[in-house]
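For reference, the structure discussed in these notes is given below.
The values are calculated or read from the model by the stated rules, or taken from the named source; none is laboratory data. Treat the numbers as computed from the prediction; the structure is a model and nothing was measured. Here the Cβ positions follow ideal geometry from the backbone for every residue, glycine too, while neighbour counts run over all protein chains shown. The protein model used for the area step is the full one, side chains on, heavy atoms only, and it has no ligands, DNA or RNA in it. Shrake-Rupley method; radii C 1.70, N 1.55, O 1.52, S 1.80 Å.
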Amino acid sequence: GEVMFSGSPPRPLSYVVKLKGEDPEEHKLDYTGNNGLIWQADECARAIRDGKTECIQSPLEDTLIIAKMMDEVRRQGGLRFPDPLEGINAST
């Protein structure tokens, strides 16, 4: 199947889920009263409150995999962060 987003990636207006052999199903998103990474911030706050060092929905290993993929995308696209950030190695 596939998922298609409408709008900007960090804040899509809607998404369509199309599973093999099924009709596409559109879901509208409403951000009334929400801003940016509100869900991630809420989950982080719950984890800290509960004494956890990571969230079940987004374990550290997954976060590092995504960060490494994004670093490779940036490398291939020639995009560099300012020098203090480029020197950080989160895998050590």
By how many nm would the segment from ASN89 to LEU29 grow when fully extended, if each residue of separation counts as 0.36 nm and the alpha-carbon distance is taken off? 18.1 nm
Expected max-MSF residue from PRO82, PRO24, PRO12 in the GNM of the chain (alpha carbon, under 10 Å) is PRO82
GNM result for the chain, Cα springs below 10 Å: residue of GLU43, GLU26, GLU54 fluctuating most strongly: GLU26
All other residues with a Cβ under 13 Å from the Cβ of PRO24 taken together, and with Lys, Arg as +1 and Asp, Glu as -1, what is their net charge? -3
Checking GLY21, GLY77, GLY51 against a Gaussian network model of the chain (alpha-carbon springs below 10 Å), the top fluctuating residue turns out to be GLY21
Per residue value of the accessible surface for the chain (all protein chains in place, 1.4 Å probe), Å²: 87
With a 1.4 Å probe and all protein chains in place, put THR32, THR63 in order of accessible area, largest first. THR32, THR63
So what is the relative contact order of the range 1-50, in percent, for Cα pairs below 8 Å that sit 6 or more residues apart? 25
Once you charge only the Cβ atoms, +1 for Lys and Arg and -1 for Asp and Glu, what is the size of the charge dipole of the chain about its Cα centre, to the nearest 20 debye? 220
